[in-house]
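Asker: Following this message is one structure expressed as structure tokens.
The values are calculated or read from the model by the stated rules, or taken from the named source; none is laboratory data. Treat the numbers as computed from the prediction; the structure is a model and nothing was measured. Note that we place each Cβ from the backbone using ideal geometry, even for glycine, and neighbour counts take in every protein chain shown. Note: accessible area is taken over every heavy atom of the protein model, side chains too, but ligands, DNA and RNA are not part of it. Shrake-Rupley method; radii C 1.70, N 1.55, O 1.52, S 1.80 Å.
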Amino acid sequence: MASHFSDHCLTQLGLTQLGLTQLSAMTSINGFQFRALDLKQDTPTLQSWFNQEYAQFWGMQGLSLTAIENLMATTQHKFALIGEWQGKALFMAELYDPAHDEIGHHYPVAKGDCGMHLIIAPPDGCPISGLSFKVMDAIAQLVLEKLAFSRLVVEPDQLNSKIHRLNSRVGIRYEKAIQLSTKAAFLGFCTAADRQLASNTPSSTGLAQTSSVLPSSFKAPATSPITFSTL
């Protein structure tokens, strides 16, 4: 039986008769080509990404290819997309139904909510300024425009200061601090209006902007480890 989440995705993509496992290349946003995760083709790449130090928040370090395939397999409530740039896989975004995830125990899930997890490939050569922001913005555009979800939902680790700055620039606002089974996180939301407002507002990567989206009760540690763009 299909879920509201999968039905919504398929309807927006015009693929009602196919199924999420048969998604082909969908669209190009910000120069990135989105396509469905191919478990056989992409799992070795994901395994190498998950074993990077910055990917510790995924909790998949040291897992076998089979274990990763099982965890990343498409269900009625989640699926993953690969974002390619210049012909190479650059990031993986997992989209999921918050009602069928641990995050759903921390707020009243509304129809039209879409959760998102992200991992970006380790730098290959000289870092490209602004690339991580373009990735985040492309995913927000995909979720809120192409897939027409009402809200993008995220739960980044509280210590991941780099992702907080990126989230703020995209238009994601944090509602509160929460404790998940694997991490202390922030619960954040972004609507199409939030994204549009952020795109029309001069951005700054300074700490002042980051602190403006954090819950007032949160006190940052004296030092926060920075990870490379992973939720």
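Asker: Name the aspartates and glutamates eligible as straight-distance cross-link partners of Lys88: C-alpha to C-alpha under 13 Å, and not fewer than 8 places from it in the same chain.
Answerer: Asp42, Asp124
Asker: A follow-up question, please. How do the peptides 176-184, 189-197 rank, highest first, by the average count of neighbouring beta carbon atoms within 10 Å per residue?
Answerer: Details: 176-184: 13.2, 189-197: 16.3.
Going from most to least packed, we get 189-197, 176-184.
Asker: Return the aspartates and glutamates within reach of Lys111: Cα separation strictly under 17 angstrom, same-chain partners fewer than 8 residues apart disregarded; answer none if there are no such residues.
Answerer: Those aspartates and glutamates meeting the cut-off are Asp7, Asp97, Asp101, Glu102, Glu145.
Asker: With the crude spin-label approximation of a point 7 Å out along Cα→Cβ, what separation in nm comes out for Gln41 versus Ser199?
Answerer: For the pair Gln41/Ser199, the computed spacing is 2.8 nm.
Asker: Given a Förster distance of 41 Å, report the FRET efficiency between Leu65 and Lys111 from their Cβ-Cβ distance, rounded to the nearest 0.05. Please list the in-between numbers first.
Answerer: Details: r = 36 Å, r/R0 = 0.87.
Calculated value: 0.70.
Asker: Hey, what's segment 65-147 come to in accessible area per residue, 1.4 Å probe, Å²? Write down the numbers at each step before the final one.
Answerer: Numbers: 3560 Å² over 83 residues.
Per-residue value: 43 Å².
Asker: Report, in debye and to the nearest 20, how large the dipole of segment 34-152 comes out about its Cα centre when Lys and Arg carry +1 and Asp and Glu carry -1 on their Cβ.
Answerer: It works out to roughly 220 debye.
Asker: Hey, any idea what % of segment 100-180's accessible area is carbon plus sulfur with a 1.4 Å probe?
Answerer: Working: 1640 of 3220 Å².
On segment 100-180, the fraction of accessible area on carbon and sulfur atoms equals 51 percent.
Asker: May I ask you to list the lysines whose Cα is less than 23 Å away from that of Lys183, ignoring any residue fewer than eight positions away on the same chain?
Answerer: Partners found: Lys78, Lys162, Lys219.
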